[in-house]
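First comes the structure, then the notes that go with it.
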Amino acid sequence: MRYHPLTILFRIYQLVRNSFVLVLFLFVIKGQSEFWLFEYGRYALIAVIIWRIIYIFSSWFTETYQWDDHSFHLRKNVFVKQTTTIAFSKIQNVTSHTTIFHKLFGYTSITFETAMDGIDDSITFDFVSKQHATFLKELAQNHSKKSTVNDVEEKESTPTPAKEPEQKGVIYFTPSKRELVRASFTSLSFLIIIPIITKLYEYAAQLLPNPEQYNGLFYQLVENKLLLFIIIVAAVLIAVILGLIKTFTRYGKYKISATDTHIFIKKGMMNESHFTIEKSKVQGLEFQQSMMKRIFGLVEVRLISAGKIAEDSVSVNSLYPFLSMQRAYHLVETLLPEYSLEKEMERLPLASLYSKLFRPSWIWLIATACLAYFKPAFLQIQSTWWIVSLLLFILVVVSRVLDYVNTQYTIANDQIQWWHGGFTNQLFVTKKRKVIEICCSQTLLQKIWNVASVSTMNRSSTPRVEVIDDVPLDFLKKLTAWYAAHDTQMNKRA
Amino acid sequence: MEHLALENKLSPAFFKARLISESIGNVIGFIILIGLFWMKGYFNWPEWADWLVIGAFVIHCIGTFWSFIEPKFLYQSWGYQLDREFLQISHGVLKKEWVTVPMTKVQSVTTSQGPIMKAYQLRGIKVETMGSSHSIPALDEQVALELRERLAEYAKLKDVEE
């Protein structure tokens with residue numbers, strides 16, 4: 001099958017959007033410049049744009065796709081003939097983005113990610129109708145469902161009719177108004193007023209040619225206490241409202257739903273995005289907490305997938321970024337019943353704190369060396385360099401103490417989970433069979449305190465390594481024994 | 001950390017082979033440095049270049065000195081162990097590391113041999129997994145080939161995609 005003809009339009013739209021700034025820069029801002037870089041840059045840009053347009057058209061005519069019971073087949077024919085086959089079982093996650101441009105026509109885009117790396121590691125449909133996207137998604141999903149069932153018995157062969165994704169599964173989470181308000185304050189979204197005000201001021205300054213006029217206005221304002229008070233209150237109100245609007249548009253339409261086998265995350269108002277992952281392909285979980293979120297008792301939970309995940313302003317694989325701790329634990333346990341989160345965890349012994357504190361901080365050493373050499377004077381104070389160095393040192397120490405306080409770890413059944421980190425801390429949870437490698441290490445310094453570091457590696461587009469420093473040797477023993485017990489269990493099952 | 005001591009060691013010839021290959025590298029390094037000193041005088045390089053060359057010279061001297069001591073420690077610290085389930089490798093002098101790789105995650109095994117290693121009948125083994133690669137730098141040829149076969153066999157036995 002050929003891709004939808006509007007794909008061409010969409011790609012041209014993308015091209016225009018991406019090259020807009022460059023065109024503006026080279027032809028308008030530096031339009032008069034005769035500097036060779038800009039002069040040749042203009043020709044180069046035109047050449048690239050023409051090339052892209054030719055490519056967009058010719059690729060539409062030559063690229064086709066089809067599918068059978070097990071896989072997608074992609075055919076490219078632009079300059080080199082190329083056929084790629086991607087089996088449904090290799091698909092790790094599915095994301096679909098619906099931008100305003102898509103909405104205009106009632107279409108969407110959809111990407112199937114695999115764990116392979118290389119150019120042909122994913123299948124992207126830039127512009128497909130919603131029905132067709134749903135159909136493709138179901139196609140891949142039904143297969144994976146079938147393959148797990150068919151291992152036991154091979155009967156079911158009629159594919160279930162395609163349904164709208166909206167109706168599928170049970171909805172487990174949509175943020176309430178209260179949660180959105182809390183999210184708005186936690187993310188300090190009301191600070192958005194600062195860039196808006198500066199922008200407005202820039203425009204206003206152009207419109208008001210005579211600065212003395214509003215200087216006088218300003219003094220009048222300061223004298224009239226009541227008016228000043230009202231203006232401040234109004235400014236705060238506007239800031240909060242703008243923050244709320246921002247948060248509501250970004251997180252308002254959040255929806256997490258799930259079937260027995262899959263998890264669906266939907267988000268966004270203007271630009272919608274859907275994320276789908278098979279439950280058995282979740283490589284692990286990550287709970288992330290910034291300083292601010294810790295104060296409010298909130299947490300962001302992310303599902304780790306072996307496939308690539310496009311980083312946006314809001315990462316698509318995140319369950320709601322402002323979950324209360326309890327709700328997060330509950331949500332995880334209902335979505336992924338095989339994970340049971342332990343609340344009681346072990347903490348580090350005091351020796352670990354010494355080990356952390358005595359480790360040389362390379363950042364601090366290098367920064368101090370640079371500061372001592374250049375001696376930058378700030379605000380005409382000659383001694384700034386050592387004050388900065390001292391502040392940095394305090395920051396390093398505080399972060400290490402926080403890391404010591406925050407670190408908690410436990411092994412339960414086939415699951416490992418640990419908290420670590422200084423100013424932002426995170427909890428990492430994974431299963432034995434998802435860990436592809438463990439590594440223990442001990443530096444000479446750690447040897448003095450009888451502690452060591454352990455790390456796990458999980459599959460991800462760049463392998464995900466989680467390190468926990470300065471654990472007592474007992475835990476290290478426990479971890480290696482736990483990991484070694486892994487395959488004997490697997491053998492019994494096989 | 002005694003419980004993590006691994007059964008097998010590198011070939012004793014690793015010591016000599018490493019010393020020779022390091023020495024060759026060091027000699028080449030010195031030749032380049034002498035060349036730089038000559039060029040510095042010949043082309044009249046600015047003053048900061050002096051410091052760079054002298055710095056490089058000092059670092060290289062320390063490195064040469066270390067390369068005489070290091071092989072002994074490296075030999076002592078390297079160890080590996082293989083069973084049907086796991087490959088374990090330990091190494092490191094200043095920072096000691098123990099890696100455990102399940103056979104199910106092994107993707108490929110490669111052996112390699114350079115001219116010096118050939119003279120001592122040594123082979124290196126490189127194991128690639130889904131996320132990283134690990135190597136055992138020098139084993140007796142026979143041992144290495146046998147290990148490769150065993151690795152390939154165990155890894156193939158459990159070739160299941162998760």
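The values are calculated or read from the model by the stated rules, or taken from the named source; none is laboratory data. This is a predicted model, so every value here is computed, not measured. Backbone-built Cβ (ideal geometry, glycine too); neighbour counts: all protein chains shown. Quick note on the areas: whole protein, heavy atoms, side chains included, nothing else; ligands and nucleic acids left out. Shrake-Rupley method; radii C 1.70, N 1.55, O 1.52, S 1.80 Å.
What number comes out for accessible area per residue over the protein assembly as shown if the probe is 1.4 Å? Units Å², please. I get 56 Å² per residue for the protein assembly as shown. Assuming 1.567 mPa s and 4 °C, estimate D for region A:365-430 with Stokes-Einstein, Rh taken as the Kirkwood radius over Cα pairs, in µm²/s. Stokes-Einstein gives a translational diffusion coefficient of 90 µm²/s.
Counting Cβ atoms of other protein chains within 10 Å of each Cβ in B:92-101 and taking the mean gives 6. Where the accessible area of region A:272-353 is counted over protein heavy atoms with a 1.4 Å probe, how much of it, in %, is carbon and sulfur? Accessible surface attributable to carbon and sulfur in region A:272-353 totals 52 percent. Cα-based radius of gyration for chain B, normalised by 2.2 N^0.38 Å, reads 1.34.
Counting only protein heavy atoms and a probe of 1.4 Å, the accessible surface of region A:1-68 is 71% carbon and sulfur. A simple spin-label model places the labels of residue A:82 and residue B:48 4.4 nm from each other, with each point 7 Å out along Cα-to-Cβ. Size of region B:95-162 from its Cα atoms: along the principal axes, largest to smallest, the extents are 42, 31, 14 Å.
Note on the protein assembly as shown: semi-axes of the ellipsoid equivalent to its C-alpha gyration tensor, largest first and rounded to whole Å, are 46, 39, 32. Based on Cα contacts under 8 Å between residues 6+ apart, region A:27-105 shows a relative contact order of 15 percent.
Taking all Cα pairs closer than 8 Å and separated by 6 or more residues, the relative contact order of chain B comes to 23 percent. Region A:302-437 gives an Rg/Rh value of 1.10, both radii derived from C-alpha positions and Rh following Kirkwood. Remark on region A:449-464: accessible area falls by at least 10 square angstrom from chain-alone to full-complex state for A:457, A:459, A:463, probe 1.4 angstrom. Over chain A, what is the relative contact order in percent, taking alpha-carbon pairs closer than 8 angstrom and at least six residues apart? Value for chain A: 11 percent. Per-residue mean of foreign Cβ neighbours for A:439-446 is 5 (Cβ atoms of other chains, 10 Å radius).
Here the Debye sum runs over all C-alpha atoms of region A:1-53 as equal scatterers in vacuum, and log10 of I(q)/I(0) at q = 0.19, 0.22, 0.29 Å⁻¹ comes out as -0.67, -0.81, -1.10. With Rh defined as the Kirkwood radius, the inverse of the mean 1/r over Cα pairs, the Rg/Rh of region B:5-61 is 1.28.
For residue A:59, the solvent-accessible surface computed with a 1.4 Å probe is close to 0 Å², ligands and nucleic acids excluded.
For chain B, the membrane-span-like helix rule (DSSP H, alpha carbon extent of at least 15 Å along the helix axis, mean Kyte-Doolittle at least 0.0) picks out B:14-43, B:47-77; this says nothing about an actual membrane. Measure out, as a whole number of angstrom, how far apart the alpha-carbon centroids of region A:221-288 and region A:1-46 sit. Spelled out, the Cα-based centre of one part sits 33 Å from the other.
Buried accessible surface for the A/B chain pair comes to about 2200 Å², total over both chains, computed with a 1.4 Å probe.
Comparing B:72, B:126, B:96 in a Gaussian network model of chain B, where Cα atoms under 10 Å apart are tied by springs, the biggest mean-square fluctuation is seen for B:96. Over all projection directions, the Cα-based convex hull of region A:223-262 averages an area of 3.4 nm². Distance from the C-alpha centroid of region A:429-471 to that of region A:327-350: 19 Å, rounded to the whole angstrom.
Fully extending the segment from residue B:145 to residue B:56, taken as 0.36 nm per residue of separation minus the present Cα-Cα distance, adds 28.0 nm. Heavy-atom accessible area, probed at 1.4 angstrom with all protein chains present, ranks A:51, B:66 as A:51, B:66, highest first. Work out the FRET efficiency for residue A:52 and residue A:270 from their Cβ-Cβ distance, taking R0 = 45 Å, and round it to the nearest 0.05. E between residue A:52 and residue A:270, to the nearest 0.05, is 0.95. Over region A:258-343, the Kirkwood radius and the radius of gyration, each from Cα atoms, give a ratio Rg/Rh of 0.95. Overall, the anisotropy analysis places region A:245-307 in the oblate class: the square-rooted eigenvalues a ≥ b ≥ c of its C-alpha gyration tensor yield a/c not less than 1.5, with a/b not exceeding b/c. Semi-axes of the equivalent ellipsoid of region A:1-108 are 35, 18, 12 Å, computed as sqrt(5λ) over the eigenvalues of the C-alpha gyration tensor in descending order. By accessible area, using a 1.4 Å probe on protein heavy atoms only, region B:11-134 has 67% of its surface on carbon and sulfur. For region B:53-136, the Kirkwood estimate of the hydrodynamic radius, built from every pair of different alpha carbons, is 15.1 Å.
Over the protein assembly as shown, DSSP H runs of length four or greater, each weighted -39,500 (n - 2.57), average out per residue to a 222 nm ellipticity of -15500 deg cm²/dmol. Using only the C-alpha atoms, the convex hull of region A:230-379 corresponds to 241 Å³ per residue. Pairs exceeding a 27 Å alpha-carbon distance, out of A:356/B:126; A:279/A:432; A:76/A:266: A:356/B:126; A:76/A:266.
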